[in-house]
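Q: Shown below is the structure under consideration.
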Amino acid sequence: MRTGLFLLFLLGVASSIGSLIPQGEAGTLYKDHYGELMGSFILLLSLNKLFSCWWFIALGIIFATSLLFCSFKRIKTVNSVRGIGSVLLHFSMVVILAGSLVSGLISNSEYIELGTGEAINLATKGFPEYTLNVKDFKIEYYDTFEPKQYISTLSLSGKESEVNSDISVNHPLRAAGFTIYQNSYG
């Protein structure tokens with residue numbers, strides 16, 4: 001149990017660092033922003049792509065293995081509903097970690113900025129041959145004139161299909177194997 005808690009602590013610390021350091025930027029950004037020494041350290045430890053670097057994945061796999069061993073050990077001594085709940089909790093954490101690993105290994109993600117009337121061929125970003133077009137953009141406001149929602153009208157067109165849809169923050173377009181999010185505007 002101590003090993004599992006220690007590994008969970010290490011994963012938490014590493015994840016916190018990964019949430020503080022911008023991910024996936026050019027190496028020069030880290031050296032310019034954090035200084036030559038710290039920028040080189042960030043790049044050396046792959047803190048610029050933390051969630052996909054080998055040591056972070058290995059740490060997660062070791063933690064999942066520890067959880068499995070702990071769960072199998074607990075199954076032998078389960079004699080109450082509370083014990084069953086504990087084993088299910090451990091197994092569910094393993095399922096979440098496995099899902100994160102599979103998703104991280106097979107998914108493809110790209111940040112793209114487009115303005116109203118602009119389009120991009122997604123094949124240039126390593127995706128299937130589809131064109132993404134921003135047809136319209138609008139902002140809804142509260143009565144206090146604070147932004148309430150950002151809404152983009154998109155067209156996703158391929159060889160055989162075209163999907164037109166409005167997307168907003170937390171309401172992505174899901175079509176043709178894509179999930180397209182409204183991230184920001186400007």
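Q: So which trypsin sites (Lys or Arg not before Pro) in segment 1-77 are both in a DSSP loop and have at most 13 other Cβ atoms within 10 Å of their Cβ? Walk me through the numbers before you get to the answer.
A: Numbers: sites: Arg2, Lys31, Lys49, Lys73, Arg74, Lys76; in loops: Lys76.
Passing sites in segment 1-77 are Lys76.
Q: Express the Stokes-Einstein translational diffusion coefficient of the chain in µm² s⁻¹, to the nearest whole number, given a Kirkwood radius over alpha-carbon pairs, 37 °C and a viscosity of 0.692 mPa s.
A: Numbers: Rh = 20.3 Å.
D, rounded to a whole number, is 162 µm²/s.
Q: Scattering from the C-alpha atoms of segment 2-106 alone, worked out with Debye: what is log10 I(q)/I(0) at q = 0.17, 0.23, 0.24 1/Å?
A: So the normalised log intensities work out to -0.82, -1.18, -1.23.
Q: Say we join alpha carbon atoms closer than 10 Å with springs in a Gaussian network model of the chain; which of Phe72, Phe145, Phe127 then has the biggest fluctuation?
A: Sorting by GNM fluctuation, first place goes to Phe145.
Q: Can you list the lysines whose alpha carbon sits under 30 Å from that of Lys138, skipping same-chain ones fewer than 8 residues off?
A: Hits, sequence-local ones excluded: Lys125, Lys148, Lys159.
Q: Can you list the residues, at least 5 places off or on another chain, whose amide H is less than 5 Å from the amide H of Tyr130, using H built in the peptide plane?
A: Amide H neighbours of Tyr130: Leu122, Ala123.
Q: Cα atoms only: what Rg and Dmax, in Å, come out for segment 119-180?
A: For segment 119-180, the Cα-based Rg and Dmax read 13.6, 45 Å.
No lab work stands behind these numbers, since they all come straight from the coordinates. None of the values given here were measured: they were computed from a predicted structure. Virtual Cβ from ideal backbone geometry, glycine too; neighbours counted across all protein chains shown.
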